[in-house]
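Taking it in order: structure first as C-alpha cells, then the write-up.
The values are calculated or read from the model by the stated rules, or taken from the named source; none is laboratory data. As the structure is a prediction and not an experimental result, all values here were calculated from the model. Positions of Cβ are generated from backbone atoms using ideal geometry, with glycine treated the same way; all protein chains shown enter the neighbour counts.
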C-alpha cells in the first residue's frame, strides 16, 4: 500500500485533532501534516508536497478559500477539499469553481474516506 501525505489546515486545534483521528483510523501509516492557518499551509505544501489537502474556510490571515485557490495552483495533481461549518451555497459554488471538494463539519467518516480514496471532488 502506497504511503500518502495529507495536509490538514484548520485554526481549531480540536478540529484538527478530530479530523486527524479519522484519517489515521482509515489510513494508518499515512503522514498527516498540520497547519493552523493559510500561511502555514502554503509553507507546508512547499515542503511536504501533500497528496491530499483538507482546508477549513474561516481562518485568520489568509482564509481557507484563498489558501485553497493558492494550493490548487501549487499542487495541481493533489486532491483538495474544504472542510467547513460554513455550508452556504456560495461557498460550495466557489469550491466547485476552483475544482475542489466540499465536506461539512463535523465530518462524516465515510465522506472523508471517499475523499481520501482519490475520488472526484465532492
| How many residues are crowded, with 19+ Cβ neighbours inside 10 Å and in a helix (DSSP H, G or I) if we restrict to the range 23-37? | 1
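Based on what the data block shows, is residue 92 assigned to a helix (DSSP H, G or I), free of Cβ contacts under 8 Å to residues at least 24 places away in the same chain and under 11 Å from the mean Cα position of the chain (by Cα)?
So residue 92 does not fit the description; no.
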| Under 6 Å by Cβ, and 6 or more places apart or on different chains, what pairs join a residue from the range 39-52 that is without any contact (Cβ under 8 Å) to a residue 12 or more places away in the chain with one that is part of a helix (DSSP H, G or I) and buried (at least 23 other Cβ atoms within 10 Å of the Cβ)? | none
| With respect to residue 115, is the statement that it is in a helix (DSSP H, G or I), crowded, with 18+ Cβ neighbours inside 10 Å and either at pLDDT 85 or above or touching a helix residue (DSSP H, G or I) at 6+ places or on another chain (Cβ under 7 Å) (or both) true? | yes
| request: Taking the residues in the range 38-85 that are out of contact with any helix residue (DSSP H, G or I) (no Cβ under 8 Å at 6 or more places or on another chain) and not in a helix (DSSP H, G or I) as candidates, determine which candidate is surrounded by the fewest Cβ atoms within 10 Å (Cβ to Cβ). | output: 77
